[in-house]
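To start, the structure itself, in structure tokens.
Laboratory data are not the source of any read-out in this text; all were calculated from the coordinates shown. Note that the structure is a prediction, hence the values are computed from the model and not measured. Virtual Cβ from ideal backbone geometry, glycine too; neighbours counted across all protein chains shown.
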Amino acid sequence: MIKAIALKLVSSVLLLSGLCACGNIEPWVKPYERQQLADPIMNANPNPVSGAYMDHVFEAREGARGALGGGGGGCGCN
Amino acid sequence: MSPGTNKARILWSIVAGAALALPLASSAGVLPDDRADALYHRYEGGGVTIQGPSVLVRKKMAEKYAVSANYYQDMITSASIDVEVSGASEYKEERDQYQLGFEYLRGKTTYNLSYTNSEENDYDAQTASFGLSQDLFGDLTTISMGFSRGSDKVRNATDPSFERDIDRWSYRVGVSQILTKSLIASMNLEVITDEGFLNNPYRSYRYKDPVDGTRFILAQEIYPRTRTSNAVALNARYFLPYRAAVYGGYRFFTDTWDIRADTFELGYVHPIKQQWTLEARVRYYQQNNAEFYRDLFDFANQQNFMARDKELSTFNSMAFRIGASYEFAQTGWRFVKKGSVNLFYDRIEFKYDDFHDARVSQMLPTDPGYAPAGSEPLYEFGANVIQMFVSIWF
């Protein structure tokens with residue numbers, strides 16, 4: 001089970017990396033067109049210490065967990 | 001080959017495969033800015049108060065390396081419904097968590113390592129994580145992957161001889177994609193496997209008293225020794241023309257205990273002039289129960305596995321947030337490039353569909369609020385969560 005999952009994950013990364021090697025894809029949003037995306041209000045996790053705390057608040061009280069885009073870890077506490 | 005050896009080989013194959021797959025590009029990515037945060041948090045709800053500090057410092061060196069350290073503390077005072085039903089009195093405990101992180105940037109690839117240690121009087125947890133991310137396609141796309149390995153020790157404050165282990169594995173992949181000049185989206189997937197003593201040694205399930213069916217008897221929960229969960233999340237963030245941002249997300253979750261959960265989130269960020277930023281968010285969560293969960297079992301040892309943890313029941317929660325941030329020293333002050341003070345308030349309402357308020361059937365039948373076991377009102381409670389913090393960039 002775990003092996004199958006791990007193989008799928010590795011395959012996904014290999015596929016994406018392989019795509020990268022296939023040639024230069026022309027970026028449709030040029031670097032000089034990204035000032036809006038670079039605005040601090042567009043940061044998905046502007047306050048890491050606060051984001052990690054709220055993730056913990058919910059995870060400790062809910063059955064669901066994971067896929068929060070962070071680095072993982074946590075206390076595993078009940 | 002032992003399962004442990006097999007899993008270790010899988011982990012190494014992930015790392016080796018990813019390292020070989022990722023091209024070592026020459027142009028530079030960027031590490032996060034140097035910053036320090038000092039946060040006070042307070043959670044109050046359902047008879048539980050948890051508060052404490054969290055302090056994070058992050059510093060980069062030579063634009064290639066970054067180190068971070070975080071100290072987090074929970075000071076807990078609990079007289080939750082589970083504590084009350086068990087007949088125990090309010091208890092206090094403390095959890096201290098230390099995390100050290102290291103990042104290394106090479107070309108467009110960032111590698112990160114972290115180690116987390118969490119300690120309570122009756123629970124220790126250690127987690128090591130490795131991850132990497134890579135910018136692709138003119139930096140329109142960022143892919144990331146990582147894994148964590150955790151090892152917990154579960155003890156029981158009332159039984160010094162009791163000690164059990166939990167092993168945890170987590171595998172993550174993610175992709176973040178710039179879609180337009182004002183829209184960015186991401187998808188994250190995570191698989192987590194736990195193996196060991198997964199129930200709380202203090203928590204009980206309840207079954208009907210065979211002598212008096214209007215009463216119940218408590219007995220220690222029994223959980224399976226393994227659990228594997230899958231979660232996939234989609235998130236998007238859009239820049240509005242008048243300089244504000246709206247964001248939304250959805251997460252789908254399933255696990256081998258038959259829990260299925262959905263999480264929806266919608267938020268809005270609104271800057272005012274140069275110094276203020278206001279935020280509002282609503283989050284809705286729902287799940288169905290684990291297959292071995294029951295509010296009231298018919299008799300003792302009715303099944304192989306029995307749980308009455310309300311986190312494994314069918315329930316939903318609705319969370320509302322308002323927050324404000326104020327930036328100071330925007331033009332710099334001594335070694336500080338800028339700073340901010342922040343206040344966030346979240347209100348969370350939990351409503352349980354198959355977890356009854358067992359305190360009611362513990363009353364005397366002559367009490368006005370009394371109801372027999374199994375027909376008590378459904379439990380619900382609200383929680384207030386406050387965060388106050390100061391951040392400085394240097």
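Values as computed for the structure displayed
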{"item": "Two-decimal ratio, the protein assembly as shown, of alpha-carbon radius of gyration to 2.2 N^0.38 Å", "result": "1.04"}
{"item": "Average other protein chain Cβ within 10 Å of Cβ, residues A:31-40", "result": "5"}
{"item": "Packing-based exposure ordering (other Cβ within 10 Å, fewest first) of B:338, B:64, B:310", "result": "B:64, B:338, B:310"}
{"item": "Sequence of B:211, B:246, A:49 once ranked by neighbouring C-beta atoms within 10 Å, starting from the fewest", "result": "B:211, B:246, A:49"}
{"item": "Two-site FRET efficiency, residue B:187 against residue B:106, from Cβ-Cβ distance with R₀ of 30 Å, rounded to 0.05", "result": "0.75"}
{"item": "Extension gain, residue B:214 back to residue B:246 (0.36 nm per residue minus Cα-Cα distance, nm)", "result": "6.4 nm"}
{"item": "When each of A:30/B:64; B:92/B:338; B:92/B:351; B:108/B:153 is checked by Cα-Cα distance, pairs over 29 Å", "result": "B:92/B:338; B:108/B:153"}
{"item": "Cα gyration tensor shape of the stretch B:253-394, rounded if a/c is under 1.5, else prolate or oblate by comparing a/b with b/c", "result": "prolate"}
{"item": "Residue-span extension gain [residue B:260 to residue B:371] - 0.36 nm each, minus C-alpha spacing", "result": "36.9 nm"}
{"item": "The stretch B:152-180 versus the stretch B:311-378: alpha-carbon centroid distance in Å", "result": "23 Å"}
{"item": "Inter-chain Cβ neighbour average for residues B:197-203, partner chain, 10 Å", "result": "1"}
{"item": "Nearest 10 degrees, 0 to 90: helix B:3-21 Cα axis against chain B principal axis", "result": "20 degrees"}
{"item": "Positive-end residue of B:339, B:305, B:286, charge dipole of chain B with Cβ unit charges", "result": "B:339"}
{"item": "Pair-distance profile P(r), taking every C-alpha pair of the stretch B:34-393, with 10 angstrom steps and integer %", "result": "5, 17, 30, 27, 14, 6, 2, 0"}
{"item": "Potential extension, residue B:115-residue B:69 segment - 0.36 nm per residue separation minus Cα distance", "result": "15.6 nm"}
{"item": "Average partner coverage of B:306-314, which counts Cβ from other chains inside 10 Å", "result": "2"}
{"item": "Theoretical ellipticity at 222 nm over the protein assembly as shown - DSSP helices of four or more residues, -39500 (n - 2.57) apiece, nearest 500", "result": "-4000 deg cm²/dmol"}
{"item": "Net dipole in debye of the protein assembly as shown [+1 Lys, Arg Cβ; -1 Asp, Glu Cβ; about Cα centre; nearest 20]", "result": "1960 debye"}
